[in-house]
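Encoded as structure tokens, the structure appears first; notes follow it.
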Amino acid sequence: MLDGQIPHTVEPRKLARQDVRFDGEVAVTVLKRLQQSLVDSDGAIRVQLHFFRDLEGRTCIEGTLGGELAMECQRCLEPAKVNVESEISLAVVWNDDQAKALPSHLEPLVVTEDSTSLWDLIEDEVILALPLIPGHDDDACRAGLIYTTDPEGNLYPEEEVSDKKQNPFSVLAGLKPGGND
Ligand SMILES: [Zn+2]
């Protein structure tokens, strides 16, 4: 068991022969593509990965990734902490033909050289696990509208809970030159 540091690049086939486990964290600050979906780069991704060879001699990577990340709530546009968890069950292959031959419970990871970026792999998996519509829980959200989604993932207001009457003068004030826009 290697504690703490998760190396940037690894040789997955060698690690699998050695039956290596990683248990540590990768700081969000080094995951630049992931940051584009976040409102800040605080925190880290918890990483537990096991490299091993299965009974058919395949190089496999199994484990879990998790973290609490700050995303923009799609209702109130304030930062919201979202928990992201991802389970990984990968088989390292040399090419697409090998990828297609894998049993359905294994996702292919095509690695054409000895080494590959472990950080990129972690980042890809976390990005896939991000919620499509991040947001606060209903009681934690400042938005006056409760939104819901249809089966295609489109967001629409379900119910208006705000009882504030709209003041026509505040609307006019917003239209004045130099007003807030
Ligand atoms: Zn919110």
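Worth a mention:
- The residue that is surrounded by the most Cβ atoms within 10 Å (Cβ to Cβ), counting only those in the stretch 1-20 that are assigned to a strand (DSSP E or B) and touching a helix residue (DSSP H, G or I) at 6+ places or on another chain (Cβ under 9 Å), is 10.
- The stretch 72-125, subset of a type outside the set (D, E, K, R), within 16 Å of the ligand (Cβ to nearest atom) and assigned to a strand (DSSP E or B), residue nearest to residue 16 (Cα to Cα): 83
- Only a single item in (1) of a type outside the set (D, E, K, R); (2) surrounded by fewer than 14 Cβ atoms within 10 Å (Cβ to Cβ); (3) within 16 Å of the ligand (Cβ to nearest atom) is not met by residue 69, and it is number (2).
- Tally, over the stretch 21-37, of residues that are surrounded by fewer than 17 Cβ atoms within 10 Å (Cβ to Cβ) and within 20 Å of residue 54 (Cβ to Cβ): 1
- Among the residues making up the stretch 36-93, those that are closer than 20 Å to residue 111 by Cβ and among the β-branched types (Val, Ile, Thr) are 47, 59, 61, 88, 92, 93.
- Here 99, 44 are screened, and the one residue that is small (Gly, Ala, Ser), out of contact with any helix residue (DSSP H, G or I) (no Cβ under 7 Å at 6 or more places or on another chain) and either modelled with pLDDT of 95 or more or outside the structural domain of residue 148 (by TED's automatic domain parsing) (or both) is 99.
- Considering residues of the stretch 68-96 that are free of Cβ contacts under 8 Å to residues at least 60 places away in the same chain and in contact with a helix residue (DSSP H, G or I) (Cβ under 7 Å, 6 or more places away or on another chain) only, the residue farthest from residue 35 (Cα to Cα): 93
The values are calculated or read from the model by the stated rules, or taken from the named source; none is laboratory data. What you see is a predicted model, and the numbers here were worked out from it, not measured in a lab. Cβ sites come from the backbone with ideal geometry, for glycine too, and all protein chains shown count toward neighbours.
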